[in-house]
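A short worksheet on the structure shown next.
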Amino acid sequence: MFSMFIVLFTLFVALFSAKQVATPKVQLCIVCGKPVKNGNCGPHCSKLAKMGLTKTILQAAKQAIMVTTQPVGFITVANLNLWLKNHKGNAPTISAMVKAFGGDNPYMLPTHPAFTPLYVNGNRWLPAVLGTLAGCKNMYNGAKVTIKPTAQQLAVYNKLAVILGGATVPVATPATPATPATPATP
């Protein structure tokens with residue numbers, strides 16, 4: 001019995017007197033939040049970090065483009081990609097189009113408010129007119145944009161502009177009807 005006590009006591013002392021080895025802290029990428037080895041998180045995250053973007057800013061930007069209702073007259077980016085593949089040579093590439101509407105995350109402002117994507121249920125939606133050759137070239141060139149943004153797109157664009165540090169676009173308010181003048185009393 002006494003020997004059992006001695007054995008347990010020795011194990012207890014050995015267990016609690018052993019030096020605790022500190023586990024090294026894992027450094028996380030400030031952009032994507034993934035564990036980083038040797039301070040390098042990859043060229044894409046390095047580019048975004050140089051732009052001053054952090055994981056918090058990117059999450060806020062993604063949250064800003066989320067809407068709850070399905071936009072009418074819009075197509076998904078996946079459908080736009082299929083259309084571009086069918087018109088290869090005549091239309092810009094999907095990578096050029098993604099840059100025009102602000103990147104994948106989004107991490108930059110779209111080239112025009114009419115190209116602001118709306119994010120619904122895991123899909124990014126763009127105006128259906130961009131699924132035409134004229135619409136694609138309009139988006140790609142960006143010089144003479146003839147597409148009008150919806151009120152929802154303008155609101156999302158302005159949220160993104162505030163988050164990403166760009167200029168906001170004035171939202172047109174509907175004109176109020178003029179009130180008729182009251183006749184003067186004699």
* Which residue, of Lys85, Lys159, is part of a helix (DSSP H, G or I) and either without any contact (Cβ under 8 Å) to a residue 12 or more places away in the chain or assigned by TED's automatic domain parsing to the domain that holds Ala49 (or both)? -> Lys85
* **Test for Thr146: is it hydroxyl-bearing (Ser, Thr, Tyr) and in contact with a Leu (Cβ under 8 Å, 6 or more places away or on another chain)** => no
* Asked: Is at least one residue of the stretch 111-118 touching a Lys or Arg at 6+ places or on another chain (Cβ under 8 Å), in a helix (DSSP H, G or I), surrounded by 18 or more Cβ atoms within 10 Å (Cβ to Cβ) and free of Cβ contacts under 8 Å to residues at least 40 places away in the same chain?
  -> yes
* Asked: Restricting to the stretch 130-165, what's the tally of residues that are surrounded by 20 or more Cβ atoms within 10 Å (Cβ to Cβ) and either over 17 Å from Val67 (Cβ atoms) or at pLDDT below 75 (or both)?
  -> 6
* Considering every residue within the stretch 73-93, establish whether at least one is modelled with pLDDT of 85 or more and surrounded by fewer than 10 Cβ atoms within 10 Å (Cβ to Cβ). => yes
* Structure fact -> Picking from Ala49, Ala78, Ala96, Ala61, the residue that is under 17 Å from Lys137 (Cβ atoms) and assigned to a helix (DSSP H, G or I) would be Ala96
* Kindly provide the set of residues from the stretch 64-75 that are closer than 16 Å to Phe101 by Cα and in a loop (DSSP other than H, G, I, E, B), ordered by number. => Ile65
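The values are calculated or read from the model by the stated rules, or taken from the named source; none is laboratory data. All figures in this text were calculated on a predicted structure; none of them were measured in a lab. Backbone-built Cβ (ideal geometry, glycine too); neighbour counts: all protein chains shown.
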